[in-house]
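See below for the structure under consideration.
The values are calculated or read from the model by the stated rules, or taken from the named source; none is laboratory data. As the structure is a computational prediction, the values presented were derived from the model and not from experiment. In this analysis, Cβ positions are derived from the backbone assuming ideal geometry, glycine residues included, and neighbour counts consider all displayed protein chains. The protein model used for the area step is the full one, side chains on, heavy atoms only, and it has no ligands, DNA or RNA in it. Shrake-Rupley method; radii C 1.70, N 1.55, O 1.52, S 1.80 Å.
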Amino acid sequence: MINKRVADADEAIRDIIDGQTIMLGGFGLCGIPEKCIAALVKKGVKELTCISNNAGVDDFGIGLLLKTRQVKKMVSSYVGENAEFERQLLSGELEVELIPQGTLATRCMAAGYGMPVIYTPAGVGTEVAEGKETRNFNGKDYLMEYAFDADFAIVKAWKGDTAGNLVFRSTSRNFNPVMAMAGKITIAEVEELVEPGELDPDHIHTPGVYVHRIFQGSGYEKRIEQRTVRPRN
Amino acid sequence: MLDKNGIARRIAKELKDGYYVNLGIGIPTLVANYIPDGINVVLQSENGLLGMGPFPFEGEEDADMINAGKQTITTLPGSSIFDSAMSFGMIRSQKIDLTILGAMEVSENGDIANWKIPGKMVKGMGGAMDLVASAKNIIVAMQHINKAGESKLLPKCTLPLTGVNCIRKVVTELAVLDILPEGGFRLIERAPGVSVDFIKQSTSGKLFAEADVKEMDLN
C-alpha cells in the first residue's frame, strides 16, 4: 500500500502558500480540521480563499484565521455566529461569496467526480443568479454552477488508515467526504490512524485515492456550538 | 392570536403518516414537539441526517451529533447519516415530502425573502434557497406583522429574495393562508379570537377572504 502518513499538521500543510484556495470540511464547529487550522495560524500564511460552509465562531474554527487576518475571501453558505466576521465584512476588509448550501456541497462533489459544471434550481430569480448562465430543462429553470477548483482540501475524519482510507463519525461527516474528493491535494486529520487492513473495505466512506496526506491529531476540543439537552425524569 | 408554539401546533396538523420532513430553524423546529399521535414522520436535518431524535439527556451530548441548527441531538432506531451533497440530492430530487421554514417576507405571488437585510444582517442563506427551489410542498411559519405593526405579507418582497413563486401555504399568529397560483393570499382559517377584518388590515398583499372564515382547530 502507498503510505500517505505525515508526522503532524505542520508537515501536512507545509507547502500551503499565500493566496491559495483551501477547502475546509465541517458544519458549524462539527467535524472541523482543528489541528490544521491551528497549524495554519502558526504558519501565518495569508491572503487565503477559504471554501467552507461556515466561518467558525470568534475564537474557534475558521474564526481563528479571521482574527489573524489570514483570510482574503470566504466562500460559505451561512456565516452567522461570528461577530469578527461580520465586522470585517461590513467594513470591506473581507470579501465574501455566499452561495446556497446544496450548491456548495454539489460543486465539491462535481470536482471529485470530474464534472465541470452542475445545474441547480437553487437561487434562480435571486441575486445568486446574477451573471450566471440559466438553462431550462423540462420546463424548469436551472443555474449553471462550476465545479470548485481548490489547491488544497483539508478534512477531518474519525478513523483513517495510512493508505488514506477514511471513516467518518455521526454528523461530523457533513462536507468532509465531498471536500476530500475535491482538492488537488487533500489532507486528512483523523482521531485514530490505523494500519491498512484494520478498516473493513466495505465500511470506507472515502477511498484513499482521494487522500494525499494523513496524520493522527490528539486532544481534540470538539467544541459544541449549541448545547441542547432534555431533563431526565 | 397564536404564540410561536401555537403556530407550530397548527402546522403539525399538516403532517401526514409516512412523510419525510425538513424543519427549518426557529418556529419550524418547534413543530417536532406537536407531531400528532399515531403519525410516523421522519425528520431530515440537511447537514446529513434522516431520523432526527430528541435532544440528548444531560451528560450524553455528543459534539459529533448535531442538527442543522447546530444543536446537540440524538438518532432514532432506523436513522441514517450521509454527506451534505447526498442530503441536498434528496432535497433536489423531491424525496422530502414537506419543508417547513421561516420567512421575513412573503409576497402574494409566492416569493419568499429570509436570508439577508442589506447593510444590516449578513448571515447567508444556508440551505434555504435549495429547499425552496426544489421542494414540492412548502409551509412558511412566520409572524404576520412586525414589531412596528407592518404587514410581512406583501404585494412584492422588499428584501433580497430566497426563492421565486414557490410558496403555497403560510401559517402566522393570525391565520392560515394559501397563495393562489394566479396570485393573492386566500384566507383559509383564522386564529382563535382574531377577526377577518383584523387579518385584512394586517395583510398588505392582495387578500381573498369569505365573510365567514372558520377558526383554527388546535386540538
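Heavy-atom accessible surface, probe 1.4 Å, ligands and DNA/RNA ignored: which residues of the stretch A:65-96 lose at least 40 Å² versus the isolated chain? Buried-area filter returns A:TYR78, A:GLU86, A:LEU90. In the stretch B:120-144, burial by the other protein chains removes 40 Å² or more of 1.4 Å probe accessible surface, compared with the chain on its own, from B:VAL122, B:LYS123, B:MET125, B:GLY126, B:MET129, B:ASP130, B:ALA133. Per the Cα gyration tensor, the stretch A:1-99 maps to an equivalent ellipsoid with semi-axes of 24, 14, 12 Å, ordered largest to smallest.
Among the GluC sites (Glu not before Pro) in the stretch B:126-219, those placed in a DSSP loop whose Cβ has at most 14 other Cβ atoms within 10 Å are B:GLU150, B:GLU182, B:GLU210.
DSSP bridge analysis restricted to chain B gives an antiparallel fraction near 55%, rounded to the nearest 5. A simple rule links phi to the HN-Hα coupling: the Karplus curve 6.51 cos²θ - 1.76 cosθ + 1.60 with θ = phi - 60°, which for the stretch B:143-159 gives 7, 6, 10, 7, 4, 7, x, 8, 5, 10, 9, 10, x, 8, 5, 9, 8 Hz, with x for Gly and Pro. With all protein chains kept in place, the per residue accessible area of chain B amounts to 42 square angstrom at a probe of 1.4 angstrom. The label-point distance for B:TYR34 and A:TYR220, in a model that sets each label 7 Å from Cα toward Cβ, rounds to 3.8 nm.
The charge dipole of the stretch B:4-208, taken about the Cα centre with unit charges on the Cβ atoms of Lys, Arg (+1) and Asp, Glu (-1), comes to about 760 debye, rounded to the nearest 20. Among the trypsin sites (Lys or Arg not before Pro) in the stretch A:63-95, those placed in a DSSP loop whose Cβ has at most 16 other Cβ atoms within 10 Å are A:ARG69.
Working from Cα pairs under 8 Å separated by at least six residues, relative contact order for the stretch B:51-97 is 37 percent. Calculated translational diffusion coefficient of the protein assembly as shown (4 °C, 1.567 mPa s; Stokes-Einstein with Kirkwood radius over alpha-carbon pairs) equals 57 µm²/s. Taking Cα centre as origin and charging only the Cβ of basic (Lys, Arg, +1) and acidic (Asp, Glu, -1) residues, the dipole magnitude of the protein assembly as shown rounds to 520 debye. Taking only the Cα atoms of the stretch B:101-211, the ratio Rg/Rh comes out at 0.96, with Rh defined as the Kirkwood radius. Here the ratio of the Cα radius of gyration of the stretch B:4-208 to 2.2 N^0.38 Å is 1.03.
When only the Cβ of Lys, Arg, Asp and Glu is charged (+1, +1, -1, -1), the dipole of the stretch A:19-142 relative to its Cα centre reaches about 440 debye. Comparing Cα centroids, the stretch B:157-210 and the stretch B:1-30 end up 17 angstrom apart. Spin-label model, B:ARG186 to A:ASP15: label points 7 Å out along the Cα-to-beta-carbon direction sit 6.4 nm apart. Accessible surface buried at the B:A interface totals approximately 4300 Å², computed with a 1.4 Å probe on protein heavy atoms. The candidates B:CYS157, A:CYS36, arranged from most to least accessible area with a 1.4 Å probe in the full protein assembly, appear as B:CYS157, A:CYS36. Here r is the Cβ-Cβ distance between B:SER151 and B:PHE57 and R0 is 35 Å; the resulting FRET efficiency, rounded to 0.05, is 0.25. Note on A:GLU198 and B:SER195: their simple-model spin labels are 7.4 nm apart, each label 7 Å out from Cα toward Cβ. Ordered from highest to lowest accessible area with the whole protein assembly present and a 1.4 Å probe, A:GLU191, A:GLU221 read as A:GLU221, A:GLU191. The calculated FRET efficiency for the pair A:ALA7 and A:ARG227, based on their C-beta separation and a Förster distance of 45 Å, comes to about 0.85.
Looking at the stretch A:38-113, the GluC sites (Glu not before Pro) that sit in a DSSP loop and have at most 16 other Cβ atoms within 10 Å of their own Cβ are A:GLU47, A:GLU93. Computed from backbone phi, the HN-Hα couplings of the stretch B:198-211 come to 5, 5, 4, 4, 8, 10, 8, x, 4, 10, 9, 9, 6, 5 Hz, rounded to whole numbers (Karplus: 6.51 cos²θ - 1.76 cosθ + 1.60, θ = phi - 60°; Gly and Pro given as x). Kindly list the residues of the stretch A:89-115 that lie in the label zone of A:LYS73, defined by a backbone N under 14 Å from the point 7 Å along the Cα-to-C-beta vector. Counting only backbone N, you get A:94-99. 3J(HN,Hα) couplings calculated from phi for the stretch A:22-31 with the Karplus curve 6.51 cos²θ - 1.76 cosθ + 1.60 (θ = phi - 60°) are, in sequence order, 10, 9, 10, x, x, 10, x, 9, 8, x Hz; Gly and Pro show x. Computed over chain A with a Gaussian network model linking Cα atoms closer than 10 Å, the most mobile of A:LEU199, A:LEU65, A:LEU29 is A:LEU199. For A:ARG5, the amide hydrogen comes within under 5 Å of the amide hydrogens of A:ILE214, counting only partners 5 or more places away or on other chains and with H modelled in the peptide plane. Residue ranking by accessible heavy-atom surface, 1.4 Å probe, largest first, among B:MET1, A:MET115, B:MET216 comes out as B:MET1, A:MET115, B:MET216. One quarter of the convex hull surface built on the alpha carbon atoms of the stretch B:1-117 amounts to 9.2 nm², the projected area averaged over directions. In chain A, one over the average inverse separation of all distinct C-alpha pairs is 18.3 Å, which is the Kirkwood hydrodynamic radius. Relative to the current alpha-carbon distance between B:SER93 and B:GLU14, full extension at 0.36 nm per residue lengthens the span by 26.3 nm.
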